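Notes for the one structure printed next.
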C-alpha cells in the first residue's frame, strides 16, 4: 500500500479544516469587533447628545447664574441675598428681571423639553425643585409688574443640591466622552472610516 496516497488526502483534509476554522474565527472576530464598535458609536452619540442639548447648556447657564449672583452680593457687601433690604430692592429687581429670570427660564426650558436626556431613570428631585422654584418666582414677578413688592423672593426656596448635581453630571459625561473617544479600538475605527470617506470623495467624478 502506498503511504503517500493516504498521507496526502489526510494532509489536505486537515489543511481544509484548519482553513475553514481560521476563516470562521476571523469572521467571528470581525463580527464581534464591528458589533462592539457600533455599540460604542451609539454610546458616544448618546453622550454627545446629553452634553450638547442638556447638561452642557444647563452647566453653562448655572455657572453664569452663580457668578452673577456672587457679583451682586459683592456689590451689595453681603454674604447672602436674604433678607433683601429696602435699599437693595431696586437693584435686586433689576438683576432678577435682566439676568436671573432669563437664566432660570433657559434652564427650566431645557429640563422640561429635554427631560428624556436625563441620565437617571427617574427625574432627580433637585430638578423638580428647581422648576417649582422658578414657577414661584413667576408669581412674584407678576406682583412686581403691578407695583406690589411685598414679596421679594420665591416662596419656594432654591434647591441646594441643584448646582452640585449639574456640575457632577456634566463632569461625569465629559469623562465618559473622553474615554470613548480615546479608546484605541475606536480610534482605529475612526481612522479606517475616515479613510474610506476620503477615498469615496476622490473617486467621485468632477462635474
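A few points about this structure:
- At full extension, residue 180 and residue 122 could sit 18.4 nm farther apart than now, given 0.36 nm per residue minus the alpha carbon distance.
- Mean-position separation - Cα centroids, the range 92-170 and the range 35-80, in angstrom: 15
- Ranked packing of 127-138, 72-83, 94-105, most packed first, by mean Cβ within 10 Å: 127-138, 94-105, 72-83
Coordinate-derived values only; no laboratory data. Everything numeric here is computed off the predicted structure, so don't read it as measured data. Backbone-built Cβ (ideal geometry, glycine too); neighbour counts: all protein chains shown.
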